[in-house]
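FYI, it's all coordinate maths here, none of it is from the lab. Small disclaimer: the values here were computed from a predicted structure and weren't measured. All Cβ positions, even for glycine, are placed from backbone atoms using ideal geometry, and neighbour counts span all protein chains on display.
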Amino acid sequence: MRVDPAFIAGLPKAELHVHHVGSASPRIVSELARRHPGTVPDDPEELRRFFEFRDFAHFIEVYLAVVDLVRTPEDVRVLTYEVAREMATEQSLRYAELTCTPYTSVRPHEDGVGMPIEAYTEALEDARVAAERDFGLVLRWIYDIPGEAGLPAADATLDYALHHACDGLVGFGLGGPEIGVPRPQFQPHFDAARAAGLRSVPHAGETTGPQTVWDALQLLGAERIGHGTSAAQDPALLEHLAATGVPLEVCPSSNLATRAVATLEEHPLPRFVEAGVTVAIASDDPPMFGTTLNREYELAADLLDLDEEGVRELARTSVQASFAPDGVRRSLLAAIDDHA
């Protein structure tokens, strides 16, 4: 590696593609699992084995088991605040847009578990304000539709976003499995969210082909694309992304863990950069994939053969691609420039 990991570890950063529940470290998951005993082990070593994924479908199964641990407003508050603590103190994060899936915590579960959307948003906001006060980390939210739950989840998520919005909400997304979940069915939901001023940031092209990315751009009005891995298969799509400047949120370890790419050496990140596509390096569900945002920067630096200035430019790109307030953006860009 040409860049000292210590330089990357201390580099002030923004994170644009990271899931709220998926950011829970083994320490946090263990605490939640002790509160709600069941399918998720609370022993850290057992958790490590629990997070070994056979394929993307198995990842979704495990992810939803962890989601089911977030049952009360206090669970939301603790999860959010502790994730923020680790982001700020261990990753040098100054700004993050967390993708939240309120539908999975708000809707009534089979065992009657679920919380009112008002309680969910209050817990999020309490933790957001505390994180900025205590850690200097600015948090914003993206509400995403869990695609596997279909149109009822899309209707509910749109309702939460339009009629129960909180101060930190900036975007509207779409996650979960792509296979069997066509993007066009969600166009009315994204049209309504965008009309209300929310930014469009759907996942696309992670486990399906380039057409899913085209659908996200042309039908959902995507301003950033989550993953977009298969865009490398379509020269016309790469040309379009480069010309329009729509960034791809690239998460190398995630793509490897979910088998979206077979090996790190085959990752399309270098091809994206060579084609002039804007890329924002991100971590997705870092503890579940055994990574950190620092590690993703290290991998990107190796794949792209970057020096320190090249790594700084990666960090600047994420800030510029963010929906951060202007003052936060200026301050963070200055901190990146000053980092030595």
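Numbers below:
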item: Restricting the range 131-142 to residues that are among the aliphatic types (A, V, I, L, M) and in contact with a helix residue (DSSP H, G or I) (Cβ under 6 Å, 6 or more places away or on another chain), the residue that is surrounded by the most Cβ atoms within 10 Å (Cβ to Cβ); result: L139
item: Candidate set from the range 181-208 (those that are touching a Phe, Trp or Tyr at 6+ places or on another chain (Cβ under 8 Å) and among the hydroxyl-bearing types (S, T, Y)); member that is nearest to T157 (Cα to Cα); result: S200
item: In the range 270-282, the residues that are over 17 Å from R312 (Cα atoms) and touching a Ser or Thr at 6+ places or on another chain (Cβ under 9 Å); result: F272
item: Residue within the range 143-166 that is of a type in the set (S, T, Y) and closer than 25 Å to A57 by Cβ present; result: yes
item: One residue from T244, T278 being within 29 Å of T101 (Cβ to Cβ) and surrounded by 17 or more Cβ atoms within 10 Å (Cβ to Cβ); result: T278
item: Elements of type helices (runs of 4 or more DSSP H) contained in the range 241-340, each with 3 or more residues being under 23 Å from I142 (Cα atoms); result: 252-257, 293-304, 308-320, 326-338
item: Out of E178, E97, sole residue that is closer than 19 Å to A282 by Cβ, charged (D, E, K, R) and touching a Lys or Arg at 6+ places or on another chain (Cβ under 8 Å); result: E97
item: Cβ pairs under 7 Å, 6+ apart, first in the range 312-330 and basic (K, R), second in a helix (DSSP H, G or I); result: R312/I336; R316/L333; R316/I336; R329/V319
item: Residues that are of a type in the set (D, E, K, R) and under 20 Å from the mean Cα position of the chain (by Cα), drawn from the range 1-26; result: K13, E15
item: R224 within 18 Å of F323 (Cβ to Cβ), in contact with a Ser or Thr (Cβ under 7 Å, 6 or more places away or on another chain) and among the basic types (K, R); result: no
